[in-house]
Amino acid sequence: MKTRNDRDQLVANGDSALDRPVEEITIEDALQRAVRYHNTGDFGYAVELYTQILEASPNHPEAMHLLGVLGSQFGQHEEAVSLISQAIENSPNQPVYHCNLGNVLQAQGKFEEAKQSFQKCLSIDPNMAEAHYNLGCVFEQQDQISDAVEAYQNAIERKPDYIEALNNLGNIHRVLGDLTEANQAYQQVLSINPDVGETLYNLGVIEQKQGQMGKAVEYYQRAVQAGVSFTKAHLNLGYLFKERRELNEAVQIYRHALDIDSSDPEAHMGLASVLLLRGDFEEGWEEYEWRWELESLLPFKRNLIQPFWDGSPLDGKIILLYAEQGFGDAIQFIRYVDLIDNSSTSIIVECQPELVTLFEAMDSINQVIPRDETLPDYDVHAPLLSLPRLLNTDLDTIPNQVPYLSPSILETTILDDPSKLKVGIVWATDSESEVENWLMFASASRSIELLDFAALFDFEACQFYSLQFDSARTDIIIYDLEDKIIDLGGSFDNFDDTRAAIMQLDLVISVDTAVAHLAGALGKPVWTLLPTVADWRWLCDRFDSPWYPTMKLFRQEEAGNWDTVIQNVGIELTQLVEKRSLQLSETQVYSMKEAMQLIGISPSTYRNWERRGLVPLVQRNPRNKRRCFTEEDIRYLQGFVNQRRNS
């Protein structure tokens with residue numbers, strides 16, 4: 001047959017140049033030359049040679065087979081299946097033909113047909129390691145895990161240095177939780193090649209799951225140095241740097257991830273979390289806008305027709321603001337309505353139904369809509385957590401005037417024993433109701449076992465009230481603490497009920513939940529208990545919050561250990577009890593008769609209001625149990641009386 005001389009190169013698209021010199025060569029020589037060019041990436045020349053061979057010998061099985069393989073490399077799967085199938089018809093006992101046909105069928109998602117091809121290949125050559133491996137991949141894609149394990153093991157028996165099979169076998173064991181077996185498979189890979197990035201990453205995951213953070217960091221760093229083309233190693237390494245408070249290193253590794261994939265939303269959000277954590281708000285807010293590309297937040301992404309607000313003046317316009325994540329996020333950032341409010345702007349807020357009554361009491365809001373109901377007309381819109389960026393918030397300009405949520409005058413829940421310090425507690429997050437921040441591995445990392453609070457329950461001067469309103473309430477019964485804790489959460493229908501209870505408490509002690517945000521927004525004293533890796537809003541190494549002036553932060557010193565946190569809370573609580581006792585001894589108090597004279601009502605009227613729950617209980621003298629009215633109590637009651645007279 002005739003073909004162009006070797007020194008004449010084909011262009012990449014395989015176009016012919018018929019005026020080039022030709023030479024006489026055999027089909028076998030042409031095939032060898034085609035394979036050489038196929039292997040070296042000169043695909044256009046290879047295609048022309050395969051085609052010329054088939055023109056000279058239409059049933060040449062090897063040319064058909066290889067032309068089909070080359071076509072599949074460029075996504076021409078239907079043509080590839082046709083060519084390789086014809087090759088098999090002409091030469092049915094070539095195992096590699098069946099194996100490559102299986103590869104093309106697998107690429108098409110035709111797993112059953114692919115499996116049959118691989119099995120046919122192995123019936124001809126049981127020792128073909130690649131076919132065992134490919135069969136394992138198909139089994140794994142069909143969730144036939146035990147069959148996949150067997151196939152990978154067969155591949156490794158026939159080719160002990162089969163890195164891909166070893167890595168896949170390790171992956172299966174890792175997913176199944178068989179970390180010892182997974183580690184063995186991965187270590188075998190590294191004994192063959194110590195720079196396999198995917199395997200180094202997987203070993204990092206195993207060490208991280210086992211709490212060996214130092215080893216995890218080492219493996220992730222090696223994976224990054226090995227030049228992995230994916231960003232997962234960078235993301236996990238950035239998280240661990242953040243956990244170790246090595247924030248500059250975390251920023252650097254997240255930026256490295258973005259060099260690899262500038263559109264990776266998790267890398268952007270990792271960078272955002274660290275920037276915000278260290279107080280770099282300007283860039284942090286910009287990066288935080290990438291949250292809408294996260295899979296976990298896609299259900300909350302709005303595709304609204306009206307334009308997104310750009311922060312420009314809103315004179316005469318109607319703006320829709322909407323909650324996007326958890327209850328706590330909405331409570332924290334609803335404060336921004338007061339910055340937007342002016343005489344000609346109308347503000348509509350869409351939020352979870354549990355927050356509607358709470359937000360309706362805010363003067364700056366014109367209308368509150370429960371989520372998923374029909375929206376009224378509006379001009380522009382913005383999610384609540386975008387407002388800090390739109391309003392150029394930095395550490396010095398955080399709007400932290402509290403309370404920004406209004407307490408009602410009439411309280412519906414009256415708490416007993418006013419002689420004691422009334423303390424509300426929340427020990428567990430509500431993972432079903434709240435959308436977890438993507439960087440938190442689990443809501444459990446923020447939760448505390450109720451028994452960890454037990455040391456606090458020995459304070460005789462305190463009465464503890466549970467503000468927990470989810471399934472964790474049953475812990476009170478499980479741990480037989482009904483005589484220590486009064487459960488209020490069972491009567492809560494929404495956050496307005498929670499607010500009513502908080503307003504009658506002296507202190508709230510809570511893990512990082514919406515209740516902590518609510519107490520802070522109401523201007524009540526609140527002690528928030530944080531894990532070592534706290535959310536970005538609590539910043540780093542601070543024991544106060546620029547968001548909530550009445551909040552104190554108690555931080556874990558080591559991951560998972562709440563003992564020191566509770567000990568520090570106990571010390572603070574002791575000091576608070578002693579200070580309160582001293583203040584009571586120095587405070588001017590009035591008897592019932594004296595107080596009623598100052599207020600201008602009869603004792604019987606007051607007792608009637610007290611029984612009906614219209615006024616909060618006042619403290620009683622520990623010795624004779626008689627009511628003691630402070631000047632603050634009298635001022636409150638005078639205001640209450642005036643309101644009733646004017647209504």
Notebook entry, point to check: Taking the range 56-65 as the search range and keeping residues that are of a type outside the set (D, E, K, R) and part of a helix (DSSP H, G or I), which one is most open to solvent (accessible area, probe 1.4 Å)?
Noted result: 56
Checklist line | residue 374 vs. criteria in a loop (DSSP other than H, G, I, E, B), of a type in the set (Val, Ile, Thr) and open to solvent by less than 20 Å² (accessible area, probe 1.4 Å) | finding: no
Check: Which pairs have Cβ atoms under 9 Å, sit 6 or more apart or on different chains, and link a residue in the range 30-48 that is on the phi > 0 side of the Ramachandran plot to one that is part of a helix (DSSP H, G or I) and open to solvent by less than 50 Å² (accessible area, probe 1.4 Å)?
Finding: none
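Is it the case, given these coordinates, that residue 592 is over 25 Å from residue 385 (Cβ atoms) and of a type outside the set (S, T, N, Q)?
yes
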Next item on the list: Mind listing just one residue for me: the one in the range 257-278 that is open to solvent by 70 Å² or more (accessible area, probe 1.4 Å) and part of a helix (DSSP H, G or I) and, of those, farthest from residue 394 (Cα to Cα)?
Entry: 259
Item checked: Candidate set from the range 299-338 (those that are out of contact with any helix residue (DSSP H, G or I) (no Cβ under 8 Å at 6 or more places or on another chain) and of a type in the set (A, V, I, L, M)); member that is surrounded by the most Cβ atoms within 10 Å (Cβ to Cβ) -> 320
Checklist line | Wholly within the range 156-235, helices (runs of 4 or more DSSP H) carrying at least 1 residues that are within 23 Å of the chain's Cα centre (by Cα) and of a type in the set (Lys, Arg) | finding: 163-176, 197-209
Check: Quick one: which of 357, 412 is part of a helix (DSSP H, G or I), at pLDDT below 95 and over 27 Å from the mean Cα position of the chain (by Cα)?
Finding: 357
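Take the residues of the range 102-118 that are in contact (Cβ under 8 Å) with a residue 24 or more places away in the chain, open to solvent by less than 30 Å² (accessible area, probe 1.4 Å) and among the hydrophobic types (A, V, I, L, M, F, W, C): which is nearest to residue 141 (Cα to Cα)?
So, considering only residues that are in contact (Cβ under 8 Å) with a residue 24 or more places away in the chain, open to solvent by less than 30 Å² (accessible area, probe 1.4 Å) and among the hydrophobic types (A, V, I, L, M, F, W, C), the one nearest to residue 141 (Cα to Cα) is 114.
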Note to self: Residue under question is residue 32, and the condition is that it be open to solvent by 30 Å² or more (accessible area, probe 1.4 Å) and more than 27 Å from residue 113 (Cβ to Cβ); does it hold?
What the structure shows: yes
Next item on the list: For residues that are in contact with a Ser or Thr (Cβ under 7 Å, 6 or more places away or on another chain) and not aliphatic (A, V, I, L, M), scanning just the range 30-68, find the one that is nearest to residue 100 (Cα to Cα).
Entry: 61
Next item on the list: Could you tell me whether residue 401 is in contact with a Lys or Arg (Cβ under 9 Å, 6 or more places away or on another chain) and open to solvent by 60 Å² or more (accessible area, probe 1.4 Å)?
Entry: yes
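Tell me yes or no: at least one residue of the range 540-550 is under 25 Å from residue 524 (Cα atoms), open to solvent by 90 Å² or more (accessible area, probe 1.4 Å), assigned to a loop (DSSP other than H, G, I, E, B) and hydrophobic (A, V, I, L, M, F, W, C).
Scanning the range 540-550, I find at least one residue that is under 25 Å from residue 524 (Cα atoms), open to solvent by 90 Å² or more (accessible area, probe 1.4 Å), assigned to a loop (DSSP other than H, G, I, E, B) and hydrophobic (A, V, I, L, M, F, W, C), so the answer is yes.
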Checklist line | Selection from the range 227-262 of residues that are charged (D, E, K, R) and either closer than 20 Å to residue 202 by Cβ or in contact (Cβ under 8 Å) with a residue 60 or more places away in the chain (or both) | finding: 232, 242, 243, 245, 261
Margin query: Could you check the range 562-576 and list, in sequence order, the residues that are without any contact (Cβ under 8 Å) to a residue 12 or more places away in the chain and under 14 Å from residue 511 (Cβ atoms)?
Written below: none
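Per-residue answers, yes or no, for (1) hydrophobic (A, V, I, L, M, F, W, C); (2) buried (at least 17 other Cβ atoms within 10 Å of the Cβ):
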site: 449; (1), (2): no, no
site: 467; (1), (2): yes, yes
site: 483; (1), (2): no, no
site: 487; (1), (2): no, yes
site: 521; (1), (2): yes, yes
site: 524; (1), (2): no, yes
site: 536; (1), (2): yes, yes
Notebook entry, point to check: Within the range 504-513, is there a residue that is surrounded by fewer than 20 Cβ atoms within 10 Å (Cβ to Cβ) and either assigned to a helix (DSSP H, G or I) or under 22 Å from the mean Cα position of the chain (by Cα) (or both)?
Noted result: no
Next item on the list: Output the qualifying pairs, or none if there are none: Cβ atoms under 7 angstrom, residues six or more apart or on different chains, first residue in the range 66-92 and outside any helix (DSSP H, G or I), second residue open to solvent by 30 Å² or more (accessible area, probe 1.4 Å).
Entry: 91/61
Checklist line | Hits in the range 339-354 (condition: open to solvent by 20 Å² or more (accessible area, probe 1.4 Å), over 21 Å from residue 309 (Cβ atoms) and part of a loop (DSSP other than H, G, I, E, B)) | finding: none
Check: What are the residues in the range 581-632 that are crowded, with 17+ Cβ neighbours inside 10 Å, closer than 25 Å to residue 462 by Cα and touching a strand residue (DSSP E or B) at 6+ places or on another chain (Cβ under 8 Å), if any?
Finding: 589, 590, 618, 619, 627, 628, 629, 630
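State yes or no: is residue 6 open to solvent by 60 Å² or more (accessible area, probe 1.4 Å), among the acidic types (Asp, Glu) and at pLDDT below 50?
no
Hey, any hits in the range 578-594 for a residue that's in a loop (DSSP other than H, G, I, E, B) and touching a residue at least 40 places away in the same chain (Cβ under 8 Å)?
Let us first name the residues in the range 578-594 that are in a loop (DSSP other than H, G, I, E, B), namely 587-588, 591.
Next cut, touching a residue at least 40 places away in the same chain (Cβ under 8 Å) only: 587-588.
Yes, because at least one residue in the range 578-594 is in a loop (DSSP other than H, G, I, E, B) and touching a residue at least 40 places away in the same chain (Cβ under 8 Å).
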Next item on the list: Name the residue, out of 229, 191, that is under 24 Å from residue 154 (Cβ atoms) and not aliphatic (A, V, I, L, M).
Entry: 191
Next item on the list: Could you check how many residues of the range 377-390 are of a type in the set (A, V, I, L, M) and in a helix (DSSP H, G or I)?
Entry: 4
Margin query: Being under 17 Å from residue 100 (Cα atoms), part of a loop (DSSP other than H, G, I, E, B) and open to solvent by 60 Å² or more (accessible area, probe 1.4 Å) is the filter here; which residues of the range 128-144 pass it?
Written below: none
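The values are calculated or read from the model by the stated rules, or taken from the named source; none is laboratory data. As the structure is a prediction and not an experimental result, all values here were calculated from the model. With ideal geometry, Cβ positions are generated from the backbone for all residues, glycine too; neighbour counts draw on all protein chains shown. Just the protein is used for accessible areas: all its heavy atoms, side chains included, with ligands, DNA and RNA removed. Shrake-Rupley method; radii C 1.70, N 1.55, O 1.52, S 1.80 Å.
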